[in-house]
Every structure is written in structure tokens, then in C-alpha cells.
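In what follows, a structure is listed as C-alpha cells, so that the remarks can point back to it.
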Amino acid sequence: MGDARVRVELGAVPETALWTLYHRAAEARQWGGVLEDPRAVELVDRIDYPFEERFGPGAGLQARLQGVRVRCFDREVEDFLARSPRGTVVCLGEGLETQYWRVDNGRATWLSVDLPEAVALREELLPPEPRQRLLACSVTDPRWMDEVDDSHGVLITAQGLFMYLRPTEVRDLIAACARRFPGGTLVFDAVPRWFSRLATEGKLRSHAYQAPPMPWGMDAGERSKLATADPRVSEIRDVLPVGGPGRAGALIAAAVRLPVLSSRRPSVVALRFADRDRRETP
């Protein structure tokens, strides 16, 4: 990446890419953190944006939680690439995520799908490498699916995305992926309903930053309902954190398994779609 500072101004939802980048980099800077992400640290240092003034100090529990969440996605991609080394990883609403540089295996194909504003910024700050493609397209527009080569397997990720869609859009997107990518997997995260409600009511504020509305929320205990989106949803799996170094990592991994928290916590979910030769349920 170049040395020149880049000034960034984004709208409400695209700005969330800066929030996640900032906290990911803060966790990566911590000695003994759960995440190694030097590319994120470089980006934060290069971007001309009042990160601390806008989002707060960065270090601490918020950064650790962000690192734990990101590692859930990283593990899923790593597992997929171990099984399908030449597969395609599709990143919906990727923003300034730097997962490619953390987990790429040197053989996979990567496709990033995002709004034109976000793609233009990513192209400037994270120019695509030969096996990466950027596509300016709404994730709710099925045209992006025509750009996916699933001949060697496909994994679709949606980090920090679904909560900003309407419930019908989430359901329709899951169904469309199930129809178009038999044998594929979709991994996404969800905020619980109470959190979605607070955001929608404008009550989630930290320092100078107010989170945008989050129309879609799902309690972790409701994930079985995702099967109703399409009969081709053949498996629903809760992706739990495995913890990390230090007491904080162990506590986070243990806390999500407590009955009092397990049903109303943020969650990462993996959906597996039925293979092409499986009979469809009417």
C-alpha cells in the first residue's frame, strides 16, 4: 500500500466498515490478541479519519469481541479452503475487511460484492490481487450470482451485513443462494432482537458515533427458523468462538455457552445447501 494519507467520508451504513476496521486493528495491535491482522493496522494508519474521536479508544472488550467474531469467519473459510483448495470465496458487503490476507491459500478465487461507494474505496486502499475481483452491485441484486464460479465449490460470507437488510431481503437472499449454489455454504452473523431494536430506535451510541438502524435481528435460539427460507437449506450450524489467549478469551468462549446468554446473544451461523442431486421438498 502507498504512503499517502487517504481522506475518507462515508454514509451511515458504509461507515460501519471503518468501525469494524478500527476495532479489528486495535485487537491486532494488542500483545497476545486473538487476531493477527497487520493489513488492518496499516489501513488505519493510512486513512485520514478521526477514528478515536469518532469511535473511542478502540482497545478493550469491544476490540476483543470483534477479533473473536472475525476469527469465527476465518475458521470457516480456512476449513472450506482445506476441503476445496480451488474453491470460490464470495464476500458480500465486504467493506474494508482484510480476510484475504489472513487466510488465503494461494489457489482460491475471491469475489467481493459491495455498493459502488464501498467498492471504489476498497479499490483505492486494497487494490485487488490477481485472484481477487471487485463487483459494484447490491447484494440483494441477484446479478452478482452470475459472476460466481462454483465449479470447485463456493463459500459465501456476509460479515456485519444482514442486520442492515430488511427481514424479507434476508430471507430472499438466503433462498436465492440455496437455489443457485447447491452444495455451497453461507456464513453470516446476526445481532439479537433486543440489539436490533435499540439500533432502530437510535439508542446505540458510542462517543461521537451512532449506529445506523438495524432492521433485522435474530436471537441465537431462533436459528432453526432459517430452514423455512428454502427447502434446500439442509444444515444450520452455530459457529461458536473457540476462545483465545488470556482470561478474556476463555471467558468469552465460555459465556456464549451459558443458558442465560445462549439464546439472546450475537451469533455466527453457517448454512449448508443441499447438493444438486438431492430431491427438493415441495
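Only one entry in 29, 39, 7, 54 is modelled with pLDDT of 90 or more, basic (Lys, Arg) and in contact with a strand residue (DSSP E or B) (Cβ under 6 Å, 6 or more places away or on another chain), namely 54.
Only residues that are among the charged types (D, E, K, R), free of Cβ contacts under 8 Å to residues at least 60 places away in the same chain and surrounded by fewer than 20 Cβ atoms within 10 Å (Cβ to Cβ) were counted in region 81-118, giving 2.
The residue pairs whose first member lies in region 176-200 and is under 27 Å from residue 89 (Cβ atoms), whose second member is among the polar types (S, T, N, Q) and part of a helix (DSSP H, G or I), and whose beta carbons are closer than 9 Å, counting only pairs six or more residues apart or on different chains, are 190/196. Looking for something touching a residue at least 24 places away in the same chain (Cβ under 8 Å), in contact with a Ser or Thr (Cβ under 8 Å, 6 or more places away or on another chain) and either among the β-branched types (Val, Ile, Thr) or surrounded by 16 or more Cβ atoms within 10 Å (Cβ to Cβ) (or both) - is there at least one such residue anywhere in region 51-59? Checking region 51-59: at least one residue is touching a residue at least 24 places away in the same chain (Cβ under 8 Å), in contact with a Ser or Thr (Cβ under 8 Å, 6 or more places away or on another chain) and either among the β-branched types (Val, Ile, Thr) or surrounded by 16 or more Cβ atoms within 10 Å (Cβ to Cβ) (or both).
The values are calculated or read from the model by the stated rules, or taken from the named source; none is laboratory data. These numbers come from a predicted model, not from an experiment. No Cβ is skipped: glycine too gets one built from the backbone with ideal geometry, and neighbour counts run over all protein chains shown.
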